[in-house]
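> There's a structure below that I have some questions on.
The values are calculated or read from the model by the stated rules, or taken from the named source; none is laboratory data. Treat the numbers as computed from the prediction; the structure is a model and nothing was measured. Here the Cβ positions follow ideal geometry from the backbone for every residue, glycine too, while neighbour counts run over all protein chains shown.
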Amino acid sequence: MSKLTTTKDVFKITLPTPFAVGDVNVYIVKGDSLTLIDAGAKTEEAWHSFNEQLAVLGYKPSDIEQILITHHHPDHVGLLDYFSKEIPIIGHPKNQPWISQDKQFFEDNEPFYKELFIQLGLDPAFVALIDMDEELEYSCRRSLTTMVQDGDFIDGMPGFKVLETPGHAQSHIVLYREEDGMLIAGDTLLAKISPNPLLEPPQFGEIARPRPLIQYNNSLKRLLTLDISKVVTGHGDDILNPHELIKERFVSQKERAYYVLQMIKENPMTAFEVCTKLFPKVYLKQPLFTVSETVGQLDFLEEIGEIKIEVVNGQHIYHAN
Ligand SMILES: [Zn+2]
């Protein structure tokens with residue numbers, strides 16, 4: 001059943017996912033068009049639940065006129081496959097290779113990951129645990145029909161403006177409505193958890209990999225400049241005190257970074273060594289997430305000048321300055 005009516009024109013639907021994060025929230029926005037924001041993981045269970053909750057709102061899937069995705073992760077796009085081929089799909093251009101499962105894109109990225117894993121000092125047995133394709137079965141094979149970027153407004157959704165918020169995903173956007181301070185945030189801000197700054201390959205002619213935690217902090221700083229009354233999120237509850245929460249997030253991120261700095265001061269080490277110490281209980285279960293989080297903290301410390309990298313046999317050894 002639908003958990004709650006979020007606001008006068010934005011309705012929340014909560015769907016199960018097969019992932020550790022738990023349920024995902026998608027939203028029906030009643031504007032000039034009936035818009036679905038995000039689409040859940042591709043499982044029968046999620047589709048069934050979606051149909052049930054949509055019916056409570058008085059709709060069926062064919063009533064939905066367009067779908068906007070906040071970012072490309074499977075728990076936000078998988079159910080796109082269940083919709084008609086004609087329905088417009090709106091998102092940032094960086095979603096495209098992921099949501100279409102572009103084989104060439106994945107092949108092109110292989111050398112990048114291979115080199116990255118050497119740099120990070122990943123043990124080959126650990127690399128074997130990282131299955132990049134694992135989650136793709138819950139994703140979709142669709143294409144964007146409308147690409148949007150920072151500052152764009154969405155047809156059919158009066159007042160909502162696109163803001164690019166890279167960090168958790170390079171493709172991430174949020175929708176902000178200045179008139180009432182409503183923010184549709186995807187995974188950019190979550191009530192209970194800090195989203196993972198997932199490592200992604202360089203895209204669109206970029207050479208260096210993105211530094212997702214630094215981007216993420218900048219995205220949050222940008223949200224601090226907005227007058228926000230309510231945030232509806234990709235997982236968990238709405239947020240009514242976003243500025244306070246963002247400031248708390250900065251404090252805990254810094255604490256974690258300084259904890260990492262302390263380790264490095266005692267002993268210069270690779271990102272992988274930091275990862276095993278930072279997440280001794282989960283690094284084997286969630287290899288990509290824990291490595292991404294670790295690299296995020298190291299990028300942060302490097303950015304603020306606390307550490308530097310020494311390259312030894314292709315591996316990056318982090319030293320305190
Ligand atoms: Zn996500």
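> Contact list please: Cβ distance under 7 Å, first residue in segment 51-79 and of a type in the set (K, R), second residue surrounded by 15 or more Cβ atoms within 10 Å (Cβ to Cβ), pairs at least six apart or on different chains.
These pairs meet every condition: K60/L54.
> Would a scan of segment 191-204 turn up a residue that is small (G, A, S), in contact with a strand residue (DSSP E or B) (Cβ under 7 Å, 6 or more places away or on another chain), farther than 24 Å from I99 by Cβ and away from the ligand (no atom under 16 Å from the Cβ)? Steps first, please.
Narrowing segment 191-204 to residues small (G, A, S): 191, 194.
With in contact with a strand residue (DSSP E or B) (Cβ under 7 Å, 6 or more places away or on another chain) added as a condition, the list becomes 191.
Those left that are additionally farther than 24 Å from I99 by Cβ: 191.
Next, from what is left, pick out any that are away from the ligand (no atom under 16 Å from the Cβ): none.
Scanning segment 191-204 turns up no residue that is small (G, A, S), in contact with a strand residue (DSSP E or B) (Cβ under 7 Å, 6 or more places away or on another chain), farther than 24 Å from I99 by Cβ and away from the ligand (no atom under 16 Å from the Cβ).
> Within the bounds of segment 177-186, is there any residue that is away from the ligand (no atom under 16 Å from the Cβ) and without any contact (Cβ under 8 Å) to a residue 24 or more places away in the chain?
Going residue by residue through segment 177-186, those that are away from the ligand (no atom under 16 Å from the Cβ) are 177-183.
Okay, now just the ones that are also without any contact (Cβ under 8 Å) to a residue 24 or more places away in the chain, so 177, 179.
For segment 177-186, residues away from the ligand (no atom under 16 Å from the Cβ) and without any contact (Cβ under 8 Å) to a residue 24 or more places away in the chain: present.
> Something else now. Answer with yes or no whether K12 is under 21 Å from the mean Cα position of the chain (by Cα), modelled with pLDDT of 95 or more and away from the ligand (no atom under 16 Å from the Cβ). Before the answer, list the steps.
On the way: under 21 Å from the mean Cα position of the chain (by Cα): yes; modelled with pLDDT of 95 or more: yes; away from the ligand (no atom under 16 Å from the Cβ): yes.
When the stated conditions are applied, K12 passes them.
> Take L298 and tell me if it is within 16 Å of the ligand (Cβ to nearest atom) and more than 17 Å from V174 (Cα to Cα).
Details: within 16 Å of the ligand (Cβ to nearest atom): no; more than 17 Å from V174 (Cα to Cα): yes.
No, not satisfied.
> Quick test for you: out of P93, P61, pick the one residue that is more than 16 Å from H172 (Cβ to Cβ) and more than 16 Å from the ligand (Cβ to nearest atom). Reasoning before the result, please.
Values: P93 fails: more than 16 Å from H172 (Cβ to Cβ).
The conditions single out P61.
> Please list, ordered by first then second residue, the pairs with beta carbon atoms under 9 Å, 6 or more apart or interchain, first in segment 196-214 and free of Cβ contacts under 8 Å to residues at least 40 places away in the same chain, second more than 16 Å from the ligand (Cβ to nearest atom).
Filtered contacts from segment 196-214: E200/N109; E200/R209; A208/P202.
> Mind listing whichever residues of segment 27-40 are within 16 Å of S139 (Cα to Cα) and in contact with a Ser or Thr (Cβ under 8 Å, 6 or more places away or on another chain)? Please lay out each step first, then the result.
Quick first cut of segment 27-40, residues within 16 Å of S139 (Cα to Cα) only: 37-40.
Answer for segment 27-40, where residues must be within 16 Å of S139 (Cα to Cα) and in contact with a Ser or Thr (Cβ under 8 Å, 6 or more places away or on another chain): I37, D38, G40.
> Can you tell me which residue among E293, E248, E302 is within 21 Å of the chain's Cα centre (by Cα), acidic (D, E) and within 20 Å of E200 (Cα to Cα)?
Details: E248 fails: within 20 Å of E200 (Cα to Cα); E302 fails: within 21 Å of the chain's Cα centre (by Cα).
None of the other options fit; the residue is E293.
> Taking K85, is it of a type in the set (K, R) and surrounded by 20 or more Cβ atoms within 10 Å (Cβ to Cβ)?
The answer is no for K85.
> Output the number of the condition that G22 fails; it satisfies all remaining conditions of (1) surrounded by 16 or more Cβ atoms within 10 Å (Cβ to Cβ); (2) within 15 Å of E135 (Cα to Cα).
With (1) surrounded by 16 or more Cβ atoms within 10 Å (Cβ to Cβ); (2) within 15 Å of E135 (Cα to Cα) applied to G22, the lone miss is (1).
> Mind checking which residues of segment 221-244 are under 18 Å from the mean Cα position of the chain (by Cα) and among the hydrophobic types (A, V, I, L, M, F, W, C)?
Scanning segment 221-244 gives L223, V231, V232, I239.
> Which of the residues spanning segment 161-176 are hydroxyl-bearing (S, T, Y) and within 15 Å of the ligand (Cβ to nearest atom)? Break it down stepwise before answering.
The initial filter retains those residues of segment 161-176 that are hydroxyl-bearing (S, T, Y), namely 165, 171, 176.
Those that are hydroxyl-bearing (S, T, Y) and within 15 Å of the ligand (Cβ to nearest atom): T165, S171.
Matching residues to (1) within 15 Å of Y216 (Cβ to Cβ); (2) at pLDDT below 95:
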{"residue": "G234", "(1), (2)": "yes, no"}
{"residue": "D237", "(1), (2)": "no, no"}
{"residue": "K247", "(1), (2)": "yes, no"}
{"residue": "R256", "(1), (2)": "yes, no"}
{"residue": "L261", "(1), (2)": "no, no"}
{"residue": "V274", "(1), (2)": "no, no"}
{"residue": "K277", "(1), (2)": "no, no"}
{"residue": "F289", "(1), (2)": "yes, yes"}
{"residue": "E302", "(1), (2)": "no, no"}
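> Take E86 and tell me if it is of a type in the set (D, E, K, R), free of Cβ contacts under 8 Å to residues at least 40 places away in the same chain and in a helix (DSSP H, G or I).
Values: of a type in the set (D, E, K, R): yes; free of Cβ contacts under 8 Å to residues at least 40 places away in the same chain: yes; in a helix (DSSP H, G or I): no.
No; evaluated as a whole, the condition is false for this residue.
> From the residues in segment 28-50 that are in a loop (DSSP other than H, G, I, E, B), in contact (Cβ under 8 Å) with a residue 60 or more places away in the chain and within 16 Å of the ligand (Cβ to nearest atom), which one is farthest from L190 (Cα to Cα)? Outline the logic, then answer.
We begin by selecting, within segment 28-50, every residue in a loop (DSSP other than H, G, I, E, B); these are 31-33, 38-43.
Narrowing the set further to residues that are in contact (Cβ under 8 Å) with a residue 60 or more places away in the chain leaves 31-33, 38-39, 41-43.
Remaining after also requiring within 16 Å of the ligand (Cβ to nearest atom): 38-39, 41-42.
Values: D38: 15, A39: 18, A41: 18, K42: 22 Å.
Among residues in segment 28-50 that are in a loop (DSSP other than H, G, I, E, B), in contact (Cβ under 8 Å) with a residue 60 or more places away in the chain and within 16 Å of the ligand (Cβ to nearest atom), the one farthest from L190 (Cα to Cα) is K42.
> Quick check on segment 137-160. Is at least one of its residues closer than 21 Å to I214 by Cα and among the aromatic types (F, W, Y)?
Within segment 137-160, the subset closer than 21 Å to I214 by Cα is 149-150.
In the following step, the residues that additionally are among the aromatic types (F, W, Y) were identified as none.
The answer is no; no qualifying residue exists.
> Further question on the same structure: Of everything in segment 221-235 that's in contact with a Gly (Cβ under 8 Å, 6 or more places away or on another chain) and either part of a helix (DSSP H, G or I) or within 16 Å of the ligand (Cβ to nearest atom) (or both), which residue is farthest from T70 (Cα to Cα)?
At the first step, the residues of segment 221-235 found to be in contact with a Gly (Cβ under 8 Å, 6 or more places away or on another chain) are 226-230, 233-235.
Narrowing the set further to residues that are either part of a helix (DSSP H, G or I) or within 16 Å of the ligand (Cβ to nearest atom) (or both) leaves 233-235.
Values: T233: 10, G234: 9, H235: 12 Å.
Ranking the candidates gives H235 first.
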